[in-house]
Amino acid sequence: MKVAFITDSSCGVHPDKMKEKGIISLPLQIVLPDQENALLDFVDAPLEKIYEYIEQGIMMSTSIPPLGLINQTFKELKNEGYDAVFCIPINPGLSSCYNALRLSAEEMGLEYIHVDVHTTAELQLYAITRAKEMYDEGKDIYEIKSVIQEMADAGMTFVIPNDLDHLKKGGRLTPLAATLAGLLKIKPVLKIDASCDGKIDVFDKIRTFNKAVDRVVKELKDRGVDESFILRVAQSNGMEHALLTKEKLQEAFPNHEIRIVPLVSVISVHTGLDCIGIQAFKKI
């Protein structure tokens with residue numbers, strides 16, 4: 001069976017770089033207010049530009065890759081003799097990209113093989129990269145799906161936003177809640193994993209950023225994170241908080257190589273700047 005590997009730009013890597021790995025990454029769209037044409041993530045809108053827009057107070061939204069691009073990509077794959085597409089997009093609860101890919105595959109007569117990673121970013125990137133590597137090693141495609149899904153089901157993502165005003169402007173936090181949280185120095189800790197039915201959920205509400213990170217560290221330990229897991233810290237133009245987070249994680253997990261990476265733009269658009277993400281997922 002000839003299989004193409006598909007993801008989207010929420011994996012955090014430019015589509016050209018993913019192409020070098022033999023993986024097709026379809027760029028999501030960044031939608032600016034009062035603009036007729038949306039920007040393609042990475043292609044038209046590098047991460048630094050997104051940060052500039054956020055700093056200027058421009059409230060953006062996100063959308064799936066252009067339907068025309070999806071259909072054209074799958075049509076070309078069919079013409080090139082592919083039988084199936086192995087797709088790991090951003091999770092279906094955060095975006096309808098999954099449905100768009102599935103419908104296009106069915107229309108083109110391609111078998112649609114999908115893994116729900118329950119989240120996005122580094123876990124998504126790792127999942128699609130390892131899936132392609134395993135396929136190149138000669139592994140059965142359905143065995144690969146099973147292994148990747150098991151890894152994703154055990155993954156954990158925590159988000160600590162620091163710009164409550166941005167969340168308020170975006171309608172994700174009421175003005176009263178934002179004001180009270182600011183006055184009381186409360187940090188909402190959000191989570192998204194297999195237990196959340198695809199949605200971002202409130203994990204806890206903590207006083208101060210330091211205690212919020214400590215709470216996440218405790219949860220990671222309680223859920224059995226050990227040397228078989230990969231740990232990542234993501235940040236949206238908030239390196240000071242990222243370094244503090246990494247320091248606390250490194251103290252708790254001294255044998256891990258913990259990397260700080262940029263928070264993907266399609267998440268930064270909604271959380272604002274100085275947001276910290278923490279992901280833990282098992283190595284394959």
Tilt of helix 121-136 relative to the longest C-alpha principal axis of the chain, in degrees (0 to 90, nearest 10)?
30
Modelled FRET efficiency - R0 41 Å, Glu227 with Met1, Cβ distances, 0.05 increments:
0.70
Listed with the fewest Cβ neighbours within 10 Å leading, Met134, Met60 appear as Met134, Met60
Any lysines whose Cα falls less than 30 Å from that of Lys218, other than same-chain ones fewer than 8 residues away, would be Lys168, Lys185, Lys187, Lys191, Lys199, Lys205, Lys246, Lys248, Lys282, Lys283
Rounded Å value of the spacing that divides the Cα centres of segment 264-280 and segment 9-37:
16
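Which length gain, in nm to one decimal place, applies between Asn79 and Gln35 when the Cα-Cα distance is subtracted from 0.36 nm times their residue separation? All intermediate terms of the calculation are to be shown ahead of the outcome.
Values: separation 44, 0.36 × 44 = 15.84 nm, distance 3.50 nm.
Extra length available between Asn79 and Gln35 comes to 12.3 nm.
Below 8 Å, C-alpha to C-alpha, sequence gap of six or more: please give me the relative contact order for the chain in percent.
20 percent.
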If I build a Gaussian network model for the chain, linking alpha-carbon pairs within less than 10 angstrom, which residue out of Leu39, Leu103, Leu231 has the largest mean-square fluctuation?
Leu103
How far is helix 97-108 tilted, in degrees, relative to the longest principal axis of the Cα atoms in the chain, given as a value from 0 to 90 rounded to the nearest 10?
0
On a 0 to 90° scale, report how tilted helix 209-222 is relative to the longest principal axis of the chain, with both axes built from alpha carbons and the result rounded to the nearest 10.
50
How long are the semi-axes of the equivalent ellipsoid of segment 19-114, taking √(5λ) for every eigenvalue λ of the Cα gyration tensor, in whole Å from largest down?
29, 13, 12
Cross-link partners among lysines for Lys78, C-alpha distance below 30 Å, same-chain residues fewer than 8 apart left out?
Lys2, Lys17, Lys19, Lys21, Lys132, Lys139, Lys145
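Every number here is computed from the coordinates shown, using simple stated rules; none is lab data. Just so you know, these numbers come straight off a predicted model, no measurement behind them. Using ideal geometry, Cβ is built from the backbone for each residue, glycine included, and neighbour counts are taken over all protein chains shown.
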